[in-house]
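Data first, discussion second: the structure below is written as structure tokens.
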Amino acid sequence: MTSTAAPVPPSSPSSSAWVEARRAELANLLEARLAPPSDGDPGRLVEAMRYSLLAPGKRIRPLLALAAAETVGPLDDQVRLACAAVELVHCYSLIHDDLPAMDDDDFRRGRPSNHKVFGEATAILAGDALLTLAFDWIAEAGARAARPEGYLRGARALAHGAGVRGMVRGQARDLGDPPPATLEALEILHGEKTAALFRASLELGAEVAGAGSEAVAALGRFGTLYGVAFQHADDRDDAEHADHRAGARLRLQTLVAEACATLAPPSTGGEAARARLVDLARALLP
């Protein structure tokens, strides 16, 4: 698993401002689009959805989708809505991940997990509702877009990344198999459980913005490498993966360098758009 990737390029000073601006836009969009219903809320379903979706978070996946879209051109409302849908899928996965039948976590982002506040049944329904709403948003955006075919391809990419060949498969692997015995086995798990949704986020953003197949493929590869690196970074202090920690530290630098190397022009847009993705990757380094 060695690499001869080029060194990670320098970061752009404007990226932090871009991240904060896009994160604020996403927060406003999510709040507005999932407002409390005027006709009541049986079982506190929408309240449970809002509890998790609007909780403070980094919004990394929709940010990556938006950054991929901006490699093609300026954002419009349809592209923003489709990219925001990625966060609904991620949020659903967190709600279900925390359930007693899965990872059995009582807290998420410093607050009680959804099922601890609303009960297991409502938490399951809230996750189901967020997952289906994500594809509703993409379909709505595509129906209004000048090129709806990109939204169809984006929806398919998201379904692949979230489903039986991606995130759900990784969760099944994590539940059913013994802990990974090697770094290579750990990266297979990371590739499915984490990186598949990152890849889908980049592919969706590129597709809905009208990117060509070469750019979609390059951005998807970036997403895979970024996703595995992201999980290595997240596992730095995880005792469960202590045996792999030294190797993972070395791999992290390699993966980030390889991810950035996939963004070579001209297939992945202008310098400013590429720099934002590079900076998101560099932020994973210690």
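Read-outs: derived from the displayed coordinates by stated rules, not from any lab. These numbers come from a predicted model, not from an experiment. Cβ sites come from the backbone with ideal geometry, for glycine too, and all protein chains shown count toward neighbours.
Between the C-alpha center of region 125-156 and that of region 106-123 there is a gap of 26 Å. Each peptide in 35-42, 155-162 receives the mean, over its residues, of other Cβ atoms within 10 Å, and ordering these scores from highest gives 155-162, 35-42.
Were the residues from ALA121 through THR254 laid out at 0.36 nm apart, the gain over their Cα-Cα distance would be 43.6 nm. Spin-label model, ALA35/GLU184: points 7 Å from Cα along the beta carbon direction are separated by 5.5 nm.
Using a Gaussian network model of the chain whose springs link C-alpha atoms within less than 10 Å, name the residue from ASP177, ASP106, ASP234 with the highest mean-square fluctuation. Among ASP177, ASP106, ASP234, the largest mean-square fluctuation in the Gaussian network model of the chain belongs to ASP177.
Projecting the Cα atoms of LEU152, ALA264, LEU183 onto the dipole axis of the chain, where Lys and Arg carry +1 and Asp and Glu carry -1 at the beta carbon, places ALA264 farthest toward the positive end.
Shape analysis of region 135-246 yields a ratio of the Cα radius of gyration to the Kirkwood radius, Rg/Rh, of 1.07. Extents of region 141-183, taken as max minus min of Cα coordinates on every principal axis and listed largest first, are 49, 18, 11 Å. Only helices enter this figure: runs of n ≥ 4 DSSP H residues, each worth -39500 (n - 2.57), summed and divided by the residues of the chain, yield -21500 deg cm²/dmol at 222 nm to the nearest 500. Net charge dipole, region 15-282: roughly 600 debye, given to the nearest 20, about the Cα centre with Cβ charges of +1 for Lys and Arg and -1 for Asp and Glu. Round to the nearest 0.05 the FRET efficiency obtained for ALA17 and ALA246 when R0 = 45 Å and r is the Cβ-Cβ distance. Efficiency, from the Cβ-Cβ distance: 0.80.
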